[in-house]
Amino acid sequence: MTTPMRKQYLRIKKQYPGTIVLFRLGDFYETFDEDAKTVARVCDIVLTSRPVGKDQRVPLAGVPYHSVEGYIAKLVQAGYKVAIVEQVGEVPARGLVDREVVRVVTPGTVVEPSLLEERRNNYLAALIVDGKRAGLAYADITTGEFAATQLAGGDVIQLICEELGRLRPAEVVTCDLELAKREQQRGSLAEEIALTAYDRWRFDLDTARQALYDHFEVASLDGFGFAGLPLAVQAAGALLQYLAETQRARLAQLSSVRTYSTEQYMTLDAATRRNLELTETLRRGSVQGSLLGVLDGTVTSMGGRLLRRWLTQPLLDLARLNRRLDAVQAFYGDTPARTRLRDLLKAVGDLERLTSRVVQGIARPRDLLGVRQSMETLPEIQALIAQMDSDAEALRSLGSLDPCQDVVTLLAQALVDDPPAVLSSGGVIRPGFSAELDNILASSRDAKAWVANLEGQERKRTGIKSLKVGYNKVFGYYLEVTKANTDRVPEEYIRKQTLVNAERYITPELKEYESLILNAQEQLQDLEGRIYAQVLEQVSAASGRLAAVAQALARLDAHAALAEVALMNRYVRPSLVEDGELRIVAGRHPVVEITQREEPFVPNDARFSQEEAILIITGPNMAGKSTYLRQVALIVLMAQIGSFVPADEAQIPLVDRIFTRIGAQDEISAGQSTFMVEMVETANLLNHATVRSLLVLDEVGRGTSTYDGISIAWAVVEHIHNHPRLRCKTLFATHYHELTQLSELLPHVRNYNVAVAEEKDRVVFLRRIVPGGADQSYGIHVAQLAGLPKPVISRAEEILQELEQEARAPGAARRAVQVRQLPLFATRNPALDMLLELDVSAMTPLEAISKLYELKTLASPD
Ligand code: ADP
Ligand code: MG
């Protein structure tokens, strides 16, 4: 026999397979059965049990309703989906209260501020793959961003991985789960992305299109740019359905959808993003130490999110880039205005997410206050920008922004200046806003005052000095008189309760005031709730205008931040050109120049032209080759997000893709140290680079033996040089000096090396890139620098000499090997010799065992 509630639970649970069901029971959210075990483990809470019938118990784990957010966070972060079941409707006198799922929380659909990263979008993506084409849509329900694209090409899987690598969604819903899982296993899709299977029929063109029609209340999708992009429609429609299912609320914050093409942006594959440490470091995955860590000087979270988007999406459009650069330059040149603006922006909250919360109907009083304060700052910001001496388009357009005076006025009139955190505590609506509310408040206040006066008044009237007025939950207000004074109690007092040494009384009048007070409280809550909802509704109606302001302020913040960082770090405005020479004068690595304390950073030039397209950089280990390579790539990338660059001068022709490939050993930290990965990535580069790409190859070929490595590296450079589709700007760092010979054979290859000076047997790194190939590898000098014991160093020098002689006179090979092995033989354990002499196939098992014993004694020291 199961209880009716158990039945109710099981019915709901069945509708949400694979989801943890949090079942509201009074002041707790309970979980049962397997869910309970999971919750207990993940959230580190006690697992108990609960009777569900005569003699049956099930596992139970519960969390208090007021702290549920933290537990949801833990579960979602651990990769679970959580369905929240609330009591709905009135509690019936008999029987069970109705319960239903009000929301399903998944990684891509969280809205709780405590579960979100402020400076980062939380995207949900939907993906469908269809042969050589794919549809991809993504949305951030906390900001209202919603976009879709269609990918096509021979290597559509790779395009998908690149785009998902850029977006880094928290969750991807897809009808092609197996495919996505495989890419995750192969490492081409980030492991942290939660993958959710979603029915294929949700992606059907008709179903998906209808979902979009219904949501946007339109009869055609062409206005959004969907024409000719059926897969984009399918992905976007499925995404909407999934959101509708999990949110079970209006999705009005997704007020529009944008279609885009990945071809508008510079393509950066996962390896390149990682190697260049754009948004996180290789080692610790932290923003600090990445390019974003240096460039993100924004003061608002929405500005921070925007800058991150810019950084992951460099542009290919000269005009757009120059518009950004114009705005950055305007702030660069006007420090007073920039400083003032940044001060003002600090008063601006996360208007983007606040607006979205308003639209979703979940904005709390302080969220509305945030909207008001943010908007109140706008006119001042507009005035400030207007008096700036700049005709940058991004700045001029700010003047036409609607300051939403109506919203500001409404909020100022409706809400108190310092509202409580939650609506239910009352005191949110400002006196004077609603006459009805004021009346109730006044009469409640009067009643309270009457009760407050009662004590003094009755003491005087009865002469009982110790008479008290009190309140408790059971009897409400009462008059308390000590036993000693009960004879002086007036006639109209009605005795209600007897205590050890006092009596408690009520009077009809007191009860009247009491009910006035209590009723007023209820009415107040009710009325405040209704007024609040109306205000929310009105603000929500202005959400489009608010969102426009939010976006404009985010842009302003990002522009001003780039200017601030540029000034602080002495950057210059790059001159962007469609084609031509790439020229960097005195360029620096934006991160190393800041984080390195031991020695001053040495700037270096870089120059690529038609004639000099491929630069081979040689030099000893630790000389600065890798740093130089990355610095060139980062400067180009910074220019193409509209940032100033760390150099004295830079001319950057727009680059369509940047590829960076790091020889296997350097990448151990990323957990992918295999030579195979290195080669797969190199193959990929050779297949996808164009004449407008920038290739950064750092010790490619190192992951295998020397001769293999040299041969592969050689062939790769040759291929880039000779293939008509390639011959693009290429930086190739290598410690194989053999490669310097390429410049003699291939007209567009040039040699450079990192200069070193020798000082009394020591090597000093000059950090300067100079023309010509390095003639020595200096490896032993580096070993010496690193503190290897003297005997090891001198022995290494000896061996090196032997080897070099051998290379010149091949006959000496045997001698060199012997020389190298000699020290090993000298210290060899006699057990080894015995072992080598054994004829295993001629031994009986018994003999083998006794030999083993012998060997063991021989091998163990004494
Ligand atoms: P390589 O790739 O040649 O082995 P790296 O590029 O890794 O050398 O550089 C080694 C170290 O030298 C870096 O970690 C950095 O601290 C320092 N370094 C590199 N380039 C410069 C420079 N231009 N100025 C100052 N220090 C530099
Ligand atoms: Mg290196």
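Descriptive notes on the structure:
- Applying 0.36 nm per residue to the separation of GLU854 and LYS760 and subtracting their alpha-carbon distance, the gain on full extension is 28.5 nm.
- Those aspartates and glutamates that a straight Cα-Cα span of less than 15 Å connects to LYS132, excepting residues fewer than 8 apart in one chain: ASP155, ASP176
- Ranked by the mean number of other Cβ atoms within 10 Å of their residues, highest first, the peptides 750-756, 456-462, 78-84 come out as 750-756, 78-84, 456-462.
- Extension gain from ALA412 to LYS448, taking 0.36 nm per residue of separation minus the Cα-Cα distance: 10.1 nm
- For ARG768, the residues whose modelled amide H falls within less than 5 Å of its own, excluding neighbours fewer than 5 places apart on the same chain, are ALA755.
- Angle of helix 675-688 to the longest C-alpha principal axis of the chain, folded into 0 to 90 degrees and rounded to 10: 90°.
- Distance (nanometres) between label positions extended 7 Å along Cα→Cβ at TYR16 and ASP487: 6.8
- Tensor-based shape of the stretch 316-391 (alpha-carbon gyration tensor, a/c under 1.5 rounded, otherwise prolate or oblate): oblate
- Packing-based exposure ordering (other Cβ within 10 Å, fewest first) of VAL408, VAL105, VAL371: VAL408, VAL105, VAL371
- Using θ = phi - 60° in the Karplus curve 6.51 cos²θ - 1.76 cosθ + 1.60, the 3J(HN,Hα) couplings for the stretch 475-483 round to 9, x, 6, 8, 10, 10, 10, 5, 3 Hz; x is entered for Gly and Pro.
- The stretch 339-472: C-alpha gyration tensor shape, a/c 1.5 cut-off, then a/b vs b/c: prolate
- Of all aspartates and glutamates in the structure, those lying under 12 Å Cα to Cα from LYS465, and not within fewer than 8 positions of it along the same chain, are GLU455, GLU480.
- Residue-count net charge about LEU726 - beta-carbon cut-off 11 Å; Lys, Arg +1, Asp, Glu -1: +3
- Across the stretch 490-506, rounded Karplus estimates of 3J(HN,Hα) from the backbone phi angles (6.51 cos²θ - 1.76 cosθ + 1.60, θ = phi - 60°) give x, 4, 6, 5, 10, 6, 10, 7, 10, 9, 4, 10, 8, 10, 10, 10, 10 Hz, Gly and Pro being marked x.
- Mean separation of Cα contacts under 8 Å, 6 or more apart, over the residue count of the stretch 481-615: relative contact order %: 12
- As a rough guide to protection, the peptides 548-558, 530-540 ranked by mean Cβ packing within 10 Å, highest first, stand as 548-558, 530-540.
- ³J(HN,Hα) computed for each position of the stretch 508-523 - Karplus, 6.51 cos²θ - 1.76 cosθ + 1.60, integer Hz, glycine/proline x: x, 5, 4, 5, 5, 5, 4, 5, 4, 5, 5, 4, 4, 4, 4, 4
- For the stretch 244-380: rounded, prolate or oblate by the Cα gyration tensor [a/c cutoff 1.5]: oblate
- With Cα atoms, 0 to 90° folded angle of helix 4-15 axis to the chain main axis: 30
- In plain terms, the chain from GLN387 to LYS460 could stretch by 19.3 nm, reckoned as 0.36 nm per residue minus the Cα-Cα distance.
- Degrees between helix 156-167 axis and first principal axis of the chain (Cα, 0 to 90, nearest 10): 60
- Interchain or long-range residues, amide H under 5 Å from SER575's placed H: ALA650, GLN651, ILE652
- Cα centroid separation - the stretch 416-480 against the stretch 279-303, whole Å: 53
- Most to least packed among 593-606, 482-495, 831-844, 564-577 [average Cβ atoms within 10 Å]: 564-577, 593-606, 482-495, 831-844
Only the coordinates and a few stated rules stand behind these numbers; no lab work does. All values reported here derive from a predicted model rather than from experimental measurement. FYI the Cβ positions are ideal-geometry reconstructions off the backbone, even for glycines, and counts take in every protein chain you see.
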